[in-house]
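One structure below.
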Amino acid sequence: EKLEINREQRALMKAIVDAYNRHQIPEDVAKKLLQDQYSPEENFLLLTEMATSQVQVLVEFTKNIPGFLSLDREDQIALLKGSAVEAMFLRSAQVFSRKMPTEHTDVLEERVRKSGIPDEFMTPMFNFYKSIGELHMVQEEQAILTAITILTPDRPYVKDPQAVERLQETMLDVLRKLCVLQHPQEQQYFARLLGRLTELRTLSHYHSEMLASWRMNDHKFTPLLCEIWDVQ
Ligand SMILES: CC(C)c1onc(-c2c(Cl)cccc2Cl)c1COc1ccc(-c2ccc3[nH]c(C(=O)O)cc3c2)cc1
């Protein structure tokens, strides 16, 4: 019936969740988090390395979103560049709230707080992490919400937004059904998830200012981050 997840949607969900689980930050990179150096410069370098590794993970995940590779090549690039920061906020928020043992989260939080990120961005960032944590998303929801973020049709320079919208609508339909099944007692759970996507856009604007202030203080990024964030 209307609410039931049909076979095609189940296959779509499985493809996305498998890709989401397959592409994780390599253990040695994630383990570096726990080393004890704490200077702001070393923290910044470590976060830069994590972000670079996270972008590689994101590209691999995106390539496995059913239908993505059949989009126009330039639109694929435009979607990745337009969504990278939001997808990384979402991923690190999910990692903060779900995956990492508490002492790791504290260390990561400590590093982010001591990496030269201006305080006015700290509050919205950690409020977002908290709001994601409070949702207690299941893995399927996290994976599909990330795919929905990437398949946002109104990113800059997308030539065929309708093609992107068709893919995104398929994901939104699966997510809507999944939310009702996974959180039957919370009527508005799906709406709350979509509300997070709005918050992500605000964070993305903050992030561009973060980048500008880092560059003012002559912070260096890796070639991959420069490419995806159009800096330097
Ligand atoms: C270039 C650096 C300084 C940077 O610029 N903006 C951000 C920045 C900041 Cl702070 C906040 C949010 C987004 C960005 Cl994009 C960052 C640091 O970005 C990240 C930091 C950590 C992680 C991270 C840490 C641990 C992880 N474990 C796993 C896992 O799958 O197990 C994934 C993962 C990712 C991802 C991005």
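Apply the a/c threshold of 1.5 to the C-alpha gyration tensor of region 99-170 and tell me whether it is rounded, prolate or oblate.
Details: a/c = 3.26, a/b = 1.73, b/c = 1.88.
In terms of gyration-tensor shape, oblate.
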Max mean-square fluctuation residue, GNM over the chain, Cα-Cα springs under 10 Å, options E103, E42, E86: E103
Angle in degrees between helix 102-113 and the longest Cα principal axis of the chain, rounded to the nearest 10: 60
Exposed chymotrypsin sites (Phe, Trp or Tyr not before Pro) absent - longest run of the chain, DSSP non-H/G/I/E/B, at most 14 other C-beta within 10 Å: 39-156
Hypothetical label at S208: residues of region 157-178 whose amide nitrogen lies under 16 Å (7 Å Cα-Cβ projection): 157-158
E110 paired with K63, simple spin-label distance in nm, labels 7 Å along Cα-to-beta-carbon: 3.7
Viscosity 1.567 mPa s, temperature 4 °C, Stokes-Einstein D of region 1-158 from Kirkwood C-alpha radius, µm²/s: 77
Calculated from backbone phi, Karplus (6.51, -1.76, 1.60) coupling profile of region 60-68 in Hz, x at Gly/Pro: 5, 4, 4, 4, 9, 6, x, x, 4
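Just in region 110-174: which trypsin sites (Lys or Arg not before Pro) are loop by DSSP and have at most 16 other Cβ atoms within 10 Å?
Details: sites: R111, R113, K114, K130, K159, R166; in loops: K114, K159.
Of the trypsin sites (Lys or Arg not before Pro), the ones in loops of region 110-174 whose Cβ has at most 16 other Cβ atoms within 10 Å are K114, K159.
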Gain on full stretching of the segment that runs from E8 to T102 - 0.36 nm per residue minus C-alpha separation: 30.1 nm
Length added when fully stretched, M122-L197, from 0.36 nm per residue minus Cα-Cα: 25.2 nm
Pairwise Lys count, the chain - Cα closer than 21 Å, eight or more residues apart or different chains: 17
Additional length obtainable on full extension of the chain from E42 to E134, 0.36 nm per residue less Cα span: 30.0 nm
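Taken together, the values in this text are just the output of simple stated rules run on the coordinates, not laboratory data. Just so it is clear, the structure is predicted and the values come from calculations on it, not from any experiment. Glycine also receives a Cβ, built like all others from the backbone with ideal geometry; neighbour counts cover every protein chain displayed.
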